[in-house]
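Structure, as structure tokens:
The values are calculated or read from the model by the stated rules, or taken from the named source; none is laboratory data. Not measured: the values here are computed from a predicted model. Cβ: placed from backbone, ideal geometry, glycine included. Neighbour counts: every protein chain shown. Keep in mind that these areas ignore ligands, DNA and RNA; they rest on the heavy atoms of the full protein, side chains included. Shrake-Rupley method; radii C 1.70, N 1.55, O 1.52, S 1.80 Å.
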Amino acid sequence: IDTVLPNATYCLSSNHLTYPTLARAGNLITLTMLATESLKVPTVSCSGLSFSIVQGSSGSTSFVATRTVLTADTNVQLVCTLTFTDLAGNVGTQLIDTNQV
């Protein structure tokens, strides 16, 4: 029986050519997540903005989530929350971090 909680790390960046830690309307924000074991598809939200999982599926150890910045988006530091569960149903420690993108 698997009772080990999964762990994960992530990196947040944008495709802004000069400043990859900043984003403006039209830029793509990318969040890359790596886990210690196979996971169900995680949930990603940053400052209430939804991100779409574009790479990785249930059973993967790596996932990529993206969001295109809209003109209506405000200039804020992103507080990202990643919620994830391994295939056995063990809930990982929710990742919450503040990054400015």
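Below is a table of values for the structure above.
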quantity	calculated
Subset of region 39-52 (residues that are in contact (Cβ under 8 Å) with a residue 40 or more places away in the chain and not in a strand (DSSP E or B))	K40, P42
Whichever residue in region 1-12 is within 15 Å of the chain's Cα centre (by Cα) and among the polar types (S, T, N, Q) and, among such residues, is farthest from N75 (Cα to Cα)	N7
Answer from T32, T21, T36, T9 - the residue that is polar (S, T, N, Q), open to solvent by 50 Å² or more (accessible area, probe 1.4 Å) and not in a strand (DSSP E or B)	T21
Answer residue from region 71-100, given it is outside any strand (DSSP E or B) and free of Cβ contacts under 8 Å to residues at least 24 places away in the same chain and is least open to solvent (accessible area, probe 1.4 Å) among those	G89
Count of region 53-70 residues which are over 20 Å from L5 (Cα atoms), outside any loop (DSSP other than H, G, I, E, B) and not polar (S, T, N, Q)	5
Condition broken by G26, with the remaining ones in (1) modelled with pLDDT of 90 or more; (2) surrounded by 14 or more Cβ atoms within 10 Å (Cβ to Cβ); (3) part of a loop (DSSP other than H, G, I, E, B); (4) not polar (S, T, N, Q) satisfied	(2)
Residue check, N15 on the phi < 0 side of the Ramachandran plot, at pLDDT 90 or above and more than 11 Å from the chain's Cα centre (by Cα)	no
Output for region 41-54, where each listed residue is crowded, with 16+ Cβ neighbours inside 10 Å and closer than 15 Å to V91 by Cα	P42, V44
